[in-house]
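Have a look at the structure below before the remarks.
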Amino acid sequence: MDTWWLEELRWRLPMRRMKVELFQDVDACLRRLDEDVVDFVDPGLHAAYESFLAAFRRFIDEETASSMFPPVSGGPMTYYEVPPEWQLTDPERYVQTLHALGQARDDLLDRYKELMNTMSQQGHMSDPPAPSGQSIHVTAGDSSPVTVSAPYASATGSGSATAGLSPAADARAPWYRSGVFWSAVSAIAAVAAVIVTILLAT
């Protein structure tokens with residue numbers, strides 16, 4: 001369920017405004033979860049899932065329970081907001097509303113993390129693919145292909161890793177080790193052999 005709106009919420013910014021798309025997607029996601037009957041056999045996993053759903057519902061309730069409204073400026077509605085005029089007319093209500101929304105958001109994120117950790121510990125989530133290095137293919141001035149590989153190192157848990165390049169031939173190799181040079185020599189030798197054959201036949 002790692003969706004774009006979850007990434008938005010992870011910024012943990014003050015909940016003064018919320019995009020209409022985010023508001024709608026969060027509500028639609030909860031409705032889908034409520035429609036799906038999930039009954040985990042493991043009691044710990046079931047408890048983590050139920051805690052996540054409860055936090056999800058509290059977050060939706062805070063959004064819709066007299067906390068966020070469409071802006072009064074008119075025009076196309078692109079976001080909901082805690083009425084900014086409350087800062088003047090009822091500053092205590094404004095601060096309390098932002099605090100309640102932030103707490104509901106944080107609780108949702110924490111319960112989601114707890115659920116993912118529980119699933120991972122019990123082997124219900126596959127490990128991500130191991131990262132690999134990058135290879136960049138370029139062409140040298142003599143049109144010969146050159147591949148540059150960037151190493152990548154990763155570590156899990158408390159481990160450590162070091163990235164490095166394996167020893168390789170110096171890029172400034174002597175001319176007599178150049179593949180381009182020996183290709184040219186072979187071509188000249190082939191042409192010379194043809195010319196010799198012609199001269200011997202005449």
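Worth pointing out:
- Theoretical FRET efficiency, 1/(1+(r/R0)^6), r = Cβ-Cβ of Lys19 and Ser120, R0 25 Å, to 0.05: 0.25
- Estimated distance in nm for a label pair at Ala47 and Thr64, the labels positioned 7 Å out from Cα along Cα-to-Cβ: 3.0
- Taking N as the residue count of segment 7-130, its C-alpha radius of gyration divided by 2.2 N^0.38 Å amounts to 1.25.
- With every protein chain in place and a 1.4 angstrom probe, the accessible-area ranking of Glu8, Glu81, Glu63, Glu35, largest first, reads Glu35, Glu8, Glu81, Glu63.
- Placing pseudo-labels 7 Å out from each Cα toward the beta carbon at Asp36 and Leu98 gives an inter-label distance of 3.5 nm.
- Amide hydrogen proximity for Tyr79: with H placed 1.01 Å from N in the peptide plane, the residues at 5 or more positions away or on another chain lying under 5 Å are Val20.
- Here the 3J(HN,Hα) profile of segment 79-89, calculated from phi with Karplus coefficients 6.51, -1.76 and 1.60 at θ = phi - 60°, is 7, 9, 8, 6, x, x, 5, 4, 4, 9, 7 Hz, Gly and Pro shown as x.
The values are calculated or read from the model by the stated rules, or taken from the named source; none is laboratory data. Note that the coordinates shown come from a computational prediction; the quantities given were computed from them, not determined experimentally. When we count neighbours, we look across all protein chains shown, and the Cβ atoms used for this are built from the backbone with ideal geometry, even at glycine. When the accessible area is computed, the model is the full protein with side chains, heavy atoms only, and any ligands, DNA or RNA have been set aside. Shrake-Rupley method; radii C 1.70, N 1.55, O 1.52, S 1.80 Å.
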